[in-house]
Every structure is written in structure tokens, then in C-alpha cells.
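Asks: The structure follows.
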Amino acid sequence: MKYKYNVLIIMLLLAHGVFAQEKDDACNYLDSVKSELKKTWPDNKTVNLVFHGHSVPSGYFKTPKVHTLESYPYKTLKEVKQIYTHAVVNSITTSIGGEHSEQGEKRFKEDVLVHRPDVLFIDYALNDRNIGLERAKIAWEKMIVKAKAYGTKVILITPTPDVKEDILSPKSELSKHSRQIRDLAKKHEIGLVDSYRLFQKIAEKEDIKTYMAQSNHINEKGHKVVADAIFDFFRKDYN
């Protein structure tokens, strides 16, 4: 019994260490972008934040209503502008409701790189359940490689909830896709916003449905959770 207890403590400490490492990475990954955001006219340039994915970053709440200004891409823009007051920043959504990552990859050059993204966010896992882990991994990696070759900072986003799945079950499809996305972020040494883990922590304490507009779309409260996590990448070391 004592052995099992010690193993549990070690696992918790390791988990804390991983989480702390992720937070440290978030603090430093966008240093070059933050340097640009701090510059003032006439030395500054426009910084483009591009959000690529499906219906959630598009702003769909209860379909077919689209709440663009309450979605996490625009909440992120508002938070960034509150501290980088001299910066010219664009929040650009190239996401399409109902799309999965294979479809997003096919139009990646024409619809995404054309915007010259300084930071690219990818959020496709909810719909990637329709194509499976293997095909999704191939599509995500193609987009990651193309974006990095272009010189773009890439941040992957694990899925927001679908209340039709048990968010606390490691066997759920979204849990499997989340693990794959974490592995991709680690492999390619890029950023990660672990929305799924954040909502798991919420679900341990309260009803996750209060964050949902419908079964698979978060509401404004849910979008704020994601936006706040994204903002961690922009917050550190600002003077």
C-alpha cells in the first residue's frame, strides 16, 4: 500500500513538472513576436495572428449563429491589445465550420500562408474524429512543416469539449486526439494550448455544460478559457 502511495506521489510530481515546463515554454516561445509587438511607430510592423480550424475558432455557438467577436480569436486580440498598446495586430480566421484537417491542409498555402502569419493557431481535433488519428496526424504535420518553413510560429490547440463524450475518460476519441496533438507539439518544438486538459480540470469541479453553447460548441465563457490560455504566450516579460 505504501509502495502504491509513493508511486502516486511521484506521478503527481512528474505531472506537475510537465505542466510547469509547458508554462515555461509558453512564456518564451513567442519572444521574437513579443519584441515586434513592443516596438512603436515608425519601427513597428503589422503582426498577423491567424486561426485555422473548424467551427469553434470560426465563432459558431449554437449553430447556425456565429459570434465572431465573442470567439477566442477576437478575445485573444483584445487581451493582446490591452498590453501592447502601440502594436498593430490582426486577428485573422481562416477556419471553416464542419471542416477537418485534411481539408484545411489542402487549402493551406492559398488561404493561410497568403496572410503571412506571424503566429498560426491550429484547432481541428473535434472534426478530426471523422478521419481518425493517422490521417489527422499526417495533415497536421504537413501544415506544421509548411508553416515553420515559412518562418511562422505555430501553436497547436487541443480540442474543446463535446458533452457527448466523457471528458474525464482517457479512452474517449478527443482524449486520444489530444495526446497526439501534445506529441506533435513536442516533436516539432512548437507551442501548445492544451484546452482539453483545462476543461478536464474544470469538469472535475463543476458542470462542463455551463461552458457550452451546444453539445460540441463552447459558449463565450468557454472561449474565454481558451483565449486566456493563448494569452499566456504573450504575457511574460512585458515591460
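The values are calculated or read from the model by the stated rules, or taken from the named source; none is laboratory data. The structure presented is a predicted model; accordingly, all values stated were derived computationally and were not measured. All Cβ positions, even for glycine, are placed from backbone atoms using ideal geometry, and neighbour counts span all protein chains on display. We work out accessible area using only protein heavy atoms, side chains counted, and drop any ligands, DNA or RNA first. Shrake-Rupley method; radii C 1.70, N 1.55, O 1.52, S 1.80 Å.
Asks: Per residue, what accessible area does segment 174-239 have, given a 1.4 Å probe and all protein chains present, in Å²?
Replies: Heavy-atom SASA per residue in segment 174-239 reads 48 Å².
Asks: Rounded to the nearest 20 debye, what is the charge dipole size of the chain about its Cα centre when +1 sits on each Lys and Arg Cβ and -1 on each Asp and Glu Cβ?
Replies: 140 debye
Asks: Tell me the Kirkwood radius of segment 85-141: reciprocal of the mean inverse pair distance over distinct alpha-carbon atoms, in Å.
Replies: It works out to 12.5 Å.
Asks: Further question: In whole Å, how far is the Cα centre of segment 148-227 from that of segment 80-108?
Replies: Going from one Cα centre to the other spans 17 Å.
Asks: Here is a further query. With charges only on Cβ, +1 for K and R and -1 for D and E, what is the dipole size of segment 43-110 about its Cα centre, in debye, rounded to 20?
Replies: 160 debye
Asks: Something else: Kindly provide the GluC sites (Glu not before Pro) of segment 156-239 that DSSP labels as loop, not H, G, I, E or B, and whose Cβ sees at most 10 other Cβ atoms within 10 Å.
Replies: When the GluC sites (Glu not before Pro) of segment 156-239 are filtered for loop state and at most 10 Cβ neighbours within 10 Å, E189, E204, E206 remain.
Asks: State which entries of K38/K148; K187/K209; K34/K221; K38/K209 exceed 30 angstrom in Cα-Cα distance in the structure shown.
Replies: Beyond 30 Å between Cα atoms: K187/K209; K38/K209.
Asks: Can you give the calculated 222 nm mean residue ellipticity of the chain, where each DSSP H run of n ≥ 4 adds -39,500 (n - 2.57) and the sum is split over every residue, rounded to the nearest 500 deg cm²/dmol?
Replies: Mean residue ellipticity, 222 nm, calculated: -16000 deg cm²/dmol.
Asks: Using the Cα centre of segment 124-239 as the reference point, and only Cβ charges (+1 on K/R, -1 on D/E), how large is the resulting charge dipole? Debye, rounded to the nearest 20.
Replies: 360 debye
Asks: Quick one: accessible area per residue over segment 23-87, 1.4 Å probe, rounded to a whole number of Å²?
Replies: 50 Å²
Asks: Per 0.36 nm of contour for each residue apart, how much would the distance between K221 and V114 grow if the chain were fully extended, relative to their Cα-Cα spacing?
Replies: 35.4 nm
Asks: Whole percent per 10 Å bin, from 0 to the bin with the longest distance: what is P(r) over all C-alpha pairs of the chain?
Replies: All Cα pairs, binned at 10 Å, distribute as 7, 32, 37, 18, 5, 1, 0 percent.
Asks: Something else: Roughly speaking, to the nearest percent, how much of the chain's 1.4 Å accessible area is carbon and sulfur?
Replies: Ligands and nucleic acids excluded, carbon and sulfur reach 54 percent.
Asks: Are there DSSP H segments in the chain that both extend 24 Å or more along their axis (alpha-carbon positions) and score a mean Kyte-Doolittle hydropathy of at least -1.0? List them, or say none.
Replies: Membrane-span-like by this criterion, though nothing is claimed about a membrane: 2-28, 133-150.
Asks: Considering just Cα atoms, how many Å³ per residue does the convex hull of segment 50-175 enclose?
Replies: Normalising the Cα hull of segment 50-175 by residue number yields 118 Å³.
Asks: Anything over 19 Å Cα to Cα? Flag those among K109/K186; K109/K153; K39/K146; K109/K142, in the order listed.
Replies: Table pairs above 19 Å Cα-Cα are K109/K186; K39/K146.
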